[in-house]
Each structure stands twice: as structure tokens, then as C-alpha cells.
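The block underneath contains the structure these notes are about, expressed in C-alpha cells.
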Amino acid sequence: MSARVTWTTPPQPVESSRWRFPPESDWPDQDLIAGGADLDPATLVDAYRRGLFPMIVSGLPDVMGWWSPDPRGIIPLDGLRVTRSLRQSARKFDVQVDTCFERVMRECGDPSRADGWITQEFIEAYVRLHHLGWAHSVEVFDRAGTLAGGLYGVRIGRFFAGESMFHRQRDASKVALVGLVELMRSSGMTLLDTQWCTEHLASLGAIEIPRREYLRRLSDAIETPHF
């Protein structure tokens, strides 16, 4: 696997959010913490710093939900499971970073995918965040130069919030994840958030930890300068 895995330039400062999320001490004993607000860059950065992420509330398409699952899914950077067949697949691809962020996000938001939640509003918001240097994509191309898979998420300091991934060719999204983990390790990063721990992610090494433990690790990770 050849990889051009380097982060882009440091993020631009964002203004203080005009919204105030409830303090952790007031969070309900459920995954959905709050509703409302917007997807402005300042709101998003503040939310991720607090351990929250946005997603539409099922059945209420006009309500922006802010979530913090308990337990929380993460992939330990030393715990990613890379099988022999995945290593063989990886040799067929080229991994790059931040070459076509919007395209990756649109692929992740393909409306034909089950349980799709990435709307045009989300795409526009995260593209803005990408232009400001906070959101990143990892792309996987085949030898013909065709985009085969990828993922995107948000980086703050030593923390990366994985948002979504896709594949058009076998194992391509897994190869993107391998590339991300390699980049995070080489950059001294410590926390890869997967939000929930699905059966698929668990097969790749994802685990669940209590929300309180996640927030402690998050605090440690974002204290470090971005680059």
C-alpha cells in the first residue's frame, strides 16, 4: 500500500459558538443529550470538544440531535485487526488524504444506503469545516485511479472523530481505516472515536468504554495542539 498520509495545514481559528450545550453534570442517562442549535463551524468544534456529535433524530427530520453514546465506541490504535487478506487487498490500493473531501462525503451520504443520515445540510457544513482545516478525509484509489472507498471525520489535537466510511470495491473502506490509524500513530494521536460500536467495527477491533472514561480520554487528547 502506497500512502501519501500527511495532514493538511493547521486549522483556522473559529469564533465562539453562540449556543451553550448543557454541562456533563446535567446530561440525561441516554445517548441523546440535546436538540436544536445549528451546524456552524463554531458549533461543531465546540460540540466535538465536549464529546458530542450531531445527527438527525429518527422520526423528527427537522430536529438536530446532539449525541454522546454510553457506552462509547472507540478503536484503540494498537488494537486494529488487520487480517492477512486485508493486507493483501491493501497492496492493490493507493491511500491519500484530503484530495476529494466533498466527494467522499457524498459517497458516504449516498441516499441508496440503508439508514442514511448525511443530508445536503450536513455536507455543506462539513465541507466548510474541511476548508477551515478541521475536517479530513482519507481516500482509497485503485491502480486505475478510481475512487474505491474512503472515510471522513473531524480532528482536534490528538483526537479523530470518525463520522462515516464507504466502499465501492471490496475492502476499500477497511484500507482507508488502516491508513487513518497509521497516520494517527505516526502523528502521535491517541483517540479514534467511532461513536457506537457496531458488529462490523467490532470485527475490526472497536471496543466499548463508559462515557465518563471516553470524556476523560477526550480531554487528554484535545489538550495537545492540533499539529
Note to self: Condition first: within 21 Å of D220 (Cα to Cα) and of a type in the set (G, A, S). Now tell me which residues in segment 48-95 satisfy that.
What the structure shows: G51, S68, G73, G79
Next item on the list: Would you please name the residue that is surrounded by the fewest Cβ atoms within 10 Å (Cβ to Cβ), looking only at residues in segment 14-44 that are part of a loop (DSSP other than H, G, I, E, B) and within 20 Å of the chain's Cα centre (by Cα)?
Entry: D38
Note to self: If I ask for residues that are over 25 Å from D70 (Cα atoms) and touching a strand residue (DSSP E or B) at 6+ places or on another chain (Cβ under 6 Å), which ones from segment 4-45 would you list?
What the structure shows: R4, V5
Next item on the list: Output the number of residues of segment 194-214 satisfying the condition of being closer than 23 Å to D29 by Cα and either in contact with a Leu (Cβ under 8 Å, 6 or more places away or on another chain) or β-branched (V, I, T) (or both).
Entry: 4
Check: All but one of (1) assigned to a helix (DSSP H, G or I); (2) more than 14 Å from the chain's Cα centre (by Cα); (3) surrounded by fewer than 19 Cβ atoms within 10 Å (Cβ to Cβ); (4) not small (G, A, S) hold for P111; which doesn't?
Finding: (1)
Checklist line | Residue in segment 154-208 that is nearest to D220 (Cα to Cα), counting only those that are part of a loop (DSSP other than H, G, I, E, B) and hydroxyl-bearing (S, T, Y) | finding: T190
Next item on the list: Determine, yes or no, whether G205 is more than 30 Å from P13 (Cα to Cα) and in contact (Cβ under 8 Å) with a residue 12 or more places away in the chain.
Entry: yes
Next item on the list: Evaluate the following for G73: is it surrounded by 20 or more Cβ atoms within 10 Å (Cβ to Cβ), assigned to a loop (DSSP other than H, G, I, E, B) and within 17 Å of the chain's Cα centre (by Cα)?
Entry: no
Next item on the list: From the list G79, G51, pick out the single residue that is closer than 23 Å to A176 by Cβ, modelled with pLDDT of 95 or more and assigned to a loop (DSSP other than H, G, I, E, B).
Entry: G79
Margin query: Can you find, within segment 140-165, the residue that is surrounded by the most Cβ atoms within 10 Å (Cβ to Cβ) among those that are of a type in the set (A, V, I, L, M, F, W, C) and farther than 16 Å from G179 by Cβ?
Written below: F159
Notebook entry, point to check: Looking at (1) surrounded by fewer than 20 Cβ atoms within 10 Å (Cβ to Cβ); (2) at pLDDT below 95; (3) not in a strand (DSSP E or B), which is the one condition that is false for P61?
Noted result: (3)
Notebook entry, point to check: Can you name the condition, by its number, that Y48 falls short on among (1) among the aromatic types (F, W, Y); (2) closer than 30 Å to R185 by Cα; (3) surrounded by fewer than 19 Cβ atoms within 10 Å (Cβ to Cβ)?
Noted result: (3)
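The values are calculated or read from the model by the stated rules, or taken from the named source; none is laboratory data. Being a predicted model, the structure only gives us computed values, none of them experimental. No Cβ is skipped: glycine too gets one built from the backbone with ideal geometry, and neighbour counts run over all protein chains shown.
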